1. What strands (runs of 3 or more DSSP E), lying completely within region 404-484, carry at least 3 residues that are at pLDDT below 95 and of a type outside the set (D, E, K, R)?
2. Taking into account only those residues within region 230-243 that are near the ligand (Cβ under 9 Å from one of its atoms) and not in a strand (DSSP E or B), which is nearest to LEU451 (Cα to Cα)?
3. How about region 164-183: which of its residues are within 16 Å of the ligand (Cβ to nearest atom) and surrounded by fewer than 22 Cβ atoms within 10 Å (Cβ to Cβ)?
4. Taking THR384 as the residue in question, decide whether it is surrounded by 23 or more Cβ atoms within 10 Å (Cβ to Cβ), in a helix (DSSP H, G or I) and of a type in the set (Ser, Thr, Tyr).
5. Can you say whether GLU463 is out of contact with any strand residue (DSSP E or B) (no Cβ under 9 Å at 6 or more places or on another chain), closer than 30 Å to LEU277 by Cα and free of Cβ contacts under 8 Å to residues at least 12 places away in the same chain, as far as the supplied structure shows?
6. So which residues in region 192-222 are under 17 Å from ASN244 (Cβ atoms) and within 16 Å of the ligand (Cβ to nearest atom)?
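The values are calculated or read from the model by the stated rules, or taken from the named source; none is laboratory data. Computed from a predicted structure; not experimentally measured. Here the Cβ positions follow ideal geometry from the backbone for every residue, glycine too, while neighbour counts run over all protein chains shown.
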Amino acid sequence: MEKNNKEVNYKLELSSEQMREIGYKAIDLLVSHYEELPKETPVAKADRASMDWLLNEPMPEIGEDPLSVMEHVEKNVLKNCASLNHPRFFSFVPSPSNFISVIADTLATGFNVFSGAWVSSPGAAEIEILTINWLLKLFGLPVREGGGLFLSGGSMANLTALAVARKAILNNEIENAVVYYSDQTHSSVDRALIVLGFKKKNIKRLSSNTNLQIPLSLLQEEIKKDKENGKKPFCVIANAGTTNAGVVDPLSKIAILCRQEKMWMHVDAAYGGAAILSEKGQSILSGIELADSITVDPHKWFYQPYEIGCVLVRNYEWLYGAFKMNPEYLKDIQGSSEEVNFYDHGVQLTRRFRALKFYMSVKTFGLKSFREAVRYNMQLAEKTQSYLQENANWEIISPATLAIINFRYKPNGLSLSEEELNKLNQQISTMINENGNAMLVTTILFQKKVLRMCLINPRTLWEDVKTTIEVLESYANKVILGLK
Ligand SMILES: Cc1ncc(COP(=O)(O)O)c(C=O)c1O
């Protein structure tokens, strides 16, 4: 291909040879990325000025050779993006991903599948119905009456679930409504409630108890008090795997309370839901099957690449109730009631074909592999805890739960104030991220600055965890030497 090709290509077309050449190059790049990943660092460190210097340019009037554009993107853009699928990316909720789903996304984009209406893509709609049914079954929700849809992520799933709850319980009359959840709940819930028009007076964010769970008796008292004051308690949002510590609220008890009070029970299982694949996880998540709606995020612990979140509901008619519109320009494509139009289940009309990656990866690897991966991750977190407990300088702040553990360095025999300990742990986290060898940021639990590890990557080896802890300890000793 000619460099600086000055021809106008108004059809935006390439020859078959060019498409193959570029396509093969892209696949080669991806395969090298997967091969090289463990040897590379997971952290992206470029600042705004250096990125501007590298990438800022006027909108190009004249096109370039596509291979040189790809080379530029590889070198300057992709190399400056953190790898959340890296085995030593321990922060946020990482996204271990898998190659089959990467290819599925490429196919879905390449065929430009419109996943909004049955008539546009019956194949895609059927796969979304099927995969949603798989998930409904996995979480113990009724498959016949239940429903759901794939969205961009957990934030959109929480927003969608709460919009459905608002309509189903309140008929959108929110003036006196009250919603309850713990202070460990993900911020996307706060944001969703703001977007849906709820005000401060409609929201009770309860301080969590010593197990970082929603305090049940306080919840009951608040509901009682609010009812006596003429309010309308309408929803409890329970966590099934908090972002901070992987903690699961008492789901069965919350479900009983919600049934008694005719309230909606939403479970945010964005991160923790996948634990249902393991026997231990099933017992920890017991009661989730009683929820009215569940958020699950396959781009977290179901090993899918971004973006794919999912909302599940006990009755698919609730989705229609909240979102169905009937504009004149879509009347001809309504179809029969079995032929699902996902544009009537949520906010998006035009939707990409997210279900394909979930479908192809489960069909390729088999659910058994996913179960084993989740079991491995949970065991890795437990092994990390045992290892830390062998060393008197480490303090466990929240034990391995699902696959998250929080701890801090607290040098044995050295009397440091809480403020000094916070500073020390912040410093060693900053040092390891600056070094780039691992990505491990802090959070705050019980007013303490702690190191948080989320171990949901099945390609993380014990060696990755052990070396990271050793490096953290060596940094801690350096900082302490400086203090003396
Ligand atoms: C418990 C929980 N809920 C919701 C979200 C938001 O999900 P997303 O980032 O996919 O929008 C997260 C993200 O980490 C989460 O951990």
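1. Numbers: elements: 404-409, 442-445, 448-454.
Correct list: empty, since no element meets the threshold.
2. Start the filter on region 230-243 by keeping residues that are near the ligand (Cβ under 9 Å from one of its atoms), which leaves 239-243.
Subset that is not in a strand (DSSP E or B): 241-243.
Details: GLY241: 17, THR242: 15, THR243: 13 Å.
Residue satisfying both the conditions and the ranking: THR243.
3. ASP183 - this is the single residue of region 164-183 that is within 16 Å of the ligand (Cβ to nearest atom) and surrounded by fewer than 22 Cβ atoms within 10 Å (Cβ to Cβ).
4. Numbers: surrounded by 23 or more Cβ atoms within 10 Å (Cβ to Cβ): yes; in a helix (DSSP H, G or I): yes; of a type in the set (Ser, Thr, Tyr): yes.
So THR384 passes the test.
5. Working: out of contact with any strand residue (DSSP E or B) (no Cβ under 9 Å at 6 or more places or on another chain): yes; closer than 30 Å to LEU277 by Cα: yes; free of Cβ contacts under 8 Å to residues at least 12 places away in the same chain: yes.
Criteria met by GLU463.
6. Passing the criteria: ARG205, SER208, LEU212, GLN213, ILE214.
The rows are residues; the columns are (1) under 22 Å from ALA269 (Cβ atoms); (2) part of a loop (DSSP other than H, G, I, E, B); (3) touching a strand residue (DSSP E or B) at 6+ places or on another chain (Cβ under 9 Å).
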position	(1), (2), (3)
THR109	no, no, no
VAL113	no, yes, no
ALA124	no, no, no
THR131	yes, no, yes
LEU135	yes, no, yes
ARG144	yes, yes, no
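Each row is one residue, and each column tells you yes or no for (1) outside the structural domain of GLU40 (by TED's automatic domain parsing); (2) more than 16 Å from the ligand (Cβ to nearest atom).
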site: SER68; (1), (2): no, yes
site: GLU74; (1), (2): no, yes
site: ASN85; (1), (2): yes, no
site: ARG88; (1), (2): yes, yes
site: ALA108; (1), (2): yes, yes
site: ASN112; (1), (2): yes, yes
site: VAL119; (1), (2): yes, yes
